[in-house]
Amino acid sequence: MPTYDPQARNAQRYPRVTSREEMDTMPRLPFNTGIGTAIFLSTEKDDARHFRQGICYQEPDHLPYHWDQTNFDETHYVIVGKIRLRCEDGSGRIVYLEAAAGEHIFCPAGFKYTLETSGIYTEFFWTSSPSPSYGLIEIPEYSAALRAMRK
């Protein structure tokens, strides 16, 4: 019988259930004071090929988190609380979107986004795609932490 190597390519590509408890205990990636995420499905940990998923946690008074979304789409489904999202297009036009528990925001590539405080504790489930096969090279420490979780 061959020896199982959890670090081998595609060793983690199998159907499975992830509990909310598992999601909540993943390493946190801080975005700014009071806001961060736990990535529970990734290239690094799960050999996911096309997307990553996580839960974002926002304290009521978190500092804004800004990102330029140049080459991937993202979705945010609000579990509890409310998202306040500043969206800026390439021409500098700005709109604000708010989504409450049970609502969903689509964030396509080509915009600049800022998660601003809504004044209440918030958790949302997010998916981003496509996910590069090399993983999160811009944050090597977090990428390594996810790889270390392979069983």
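Some observations on this one:
- Rounded to whole Hz, the Karplus (6.51, -1.76, 1.60) HN-Hα couplings of segment 43-48, x for glycine and proline: 4, 4, 8, 10, 6, 5
- Qualifying lysines (Cα of each under 26 Å from Cα of residue 45; at least 8 residues distant if same chain): 151
- Mean Cβ neighbour count within 10 Å, used as a protection proxy, ranking 96-107, 49-60 highest first: 49-60, 96-107
- The alpha-carbon of residue 82 sits under 21 angstrom from the alpha-carbons of these lysines, leaving out residues fewer than 8 places away in its chain: 112.
- Here the convex hull built on the C-alpha positions of the chain has a volume of 113 cubic angstrom per residue.
- At 1.002 mPa s and 20 °C, Stokes D of segment 37-97 from Kirkwood alpha-carbon radius, µm² per second: 153 µm²/s
- Rounded FRET efficiency, nearest 0.05, which uses the C-beta distance separating residue 141 from residue 91 and R0 of 30 Å: 0.25
- Cβ crowding within 10 Å, taken as a proxy for footprinting-reagent exposure, orders 95, 78, 17 from fewest neighbours to most as 17, 95, 78.
- This ranking places 46, 5 by how few other beta-carbon atoms lie within 10 Å of each, fewest first, which gives 5, 46.
Any read-out appearing in this document is the output of simple, stated calculations on the displayed coordinates, not a laboratory observation. Computed from a predicted structure; not experimentally measured. Counting neighbours? That spans all protein chains shown, and the Cβs are built from the backbone with ideal geometry, glycine included.
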